[in-house]
Amino acid sequence: MIGFFAGIIIFSIFSVIAMTYFPSNQTTYDNSNSGLSSTNVQGAIDVLYKTCTEKPSASDTITNLLPSNPDELYKDEHEDIRYYGANPNNYVSFNNELWRIIGVIDGKIKIIRNESIGNMPWDTSNSNNWDITSLKSYLNEDYYNGIDITYRNMILEETYHLGGIGTTVITTSTAYNLERGNNVYADNPTSTIQNIGLMYPSDYGYAAGNSCLSTTIDDYSNSCKNNYWFYMLENLNGYKLHLVNTEALQCISLILVMLVIVLML
């Protein structure tokens, strides 16, 4: 078993950027690519960044949308607000790229890049210790330094949990608790501090909404595919959910890398 990042991962690996995100005229939300007409989300964002004299935080804006958007937003058992459904209107433009809002997690907005940045090895030496993998080094050095300075200055170092998960035949709530636990492979760390990491498996699970929380994650592509928008990203980018352990690392040469950003707004 390996730490959170490798215990269960999306085969199209989702990296996570923790960032402090300060509202400015350089940051805009854009839902035009959702294929849906503009909703309250877009209207609130327009007000937030274009017309407000005193700008509320974006996390407060989304929180205020919760009661009037029950078909797209819900609050999980940890009081985090999540977007869910087949295609919620959660598109956002960041760093001049198209991303989607996962939700307001621990008071911060987390978004995921709509398309992969390409195929990369998890680790060139087949290590399952995230702290020393070549992918972590690339994301926190080369990729981080390549981000536009305006957006790179918004990034905040954060602590990420590395608790191991030994199977995908678990519910999302169980995955959430294991991610934050102390069960790790060998002497791997239980957490790490970094700018860029990977999405938690529980983020993947919670995107299906309350109706799927009793379903095990391994069955999502069958039982919940009409309920969660990550299924659309799977079809777009060609990834599947896999368990990655020491043995699996021997046969996986490349993984599809997609980015997730944590914003503090």
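The values are calculated or read from the model by the stated rules, or taken from the named source; none is laboratory data. Note that the structure is a prediction, hence the values are computed from the model and not measured. As a convention, Cβ positions derive from the backbone with ideal geometry for all residues, glycine included, and neighbour counts pool all protein chains shown.
Touching a Pro at 6+ places or on another chain (Cβ under 6 Å) and either farther than 27 Å from Asn96 by Cβ or assigned to a loop (DSSP other than H, G, I, E, B) (or both): does that describe Ala186? Please lay out each step first, then the result.
Working: touching a Pro at 6+ places or on another chain (Cβ under 6 Å): no; either farther than 27 Å from Asn96 by Cβ or assigned to a loop (DSSP other than H, G, I, E, B) (or both): yes.
Taking the combined requirement at face value, the residue does not satisfy it.
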Checklist entry - Which one of the conditions (1) buried (at least 20 other Cβ atoms within 10 Å of the Cβ); (2) of a type in the set (Asp, Glu); (3) farther than 21 Å from Asp80 by Cα does Glu179 fail to meet, given that it meets all the rest? => result (3)
Checklist entry - Which members of segment 138-170 meet the condition of being at pLDDT 90 or above and more than 25 Å from Asn183 (Cβ to Cβ)? => result Tyr138, Glu141, Asp142, Asn145
Next on the checklist: Quick check on my filter: what residues within segment 118-172 are closer than 13 Å to Ile196 by Cα, outside any loop (DSSP other than H, G, I, E, B), in contact with a Leu (Cβ under 9 Å, 6 or more places away or on another chain) and among the hydrophobic types (A, V, I, L, M, F, W, C)?
Outcome noted: Trp130, Leu135, Leu139
Checklist entry - Any residue in segment 214-223 that is of a type in the set (Gly, Ala, Ser), without any contact (Cβ under 8 Å) to a residue 12 or more places away in the chain and not in a loop (DSSP other than H, G, I, E, B)? => result yes
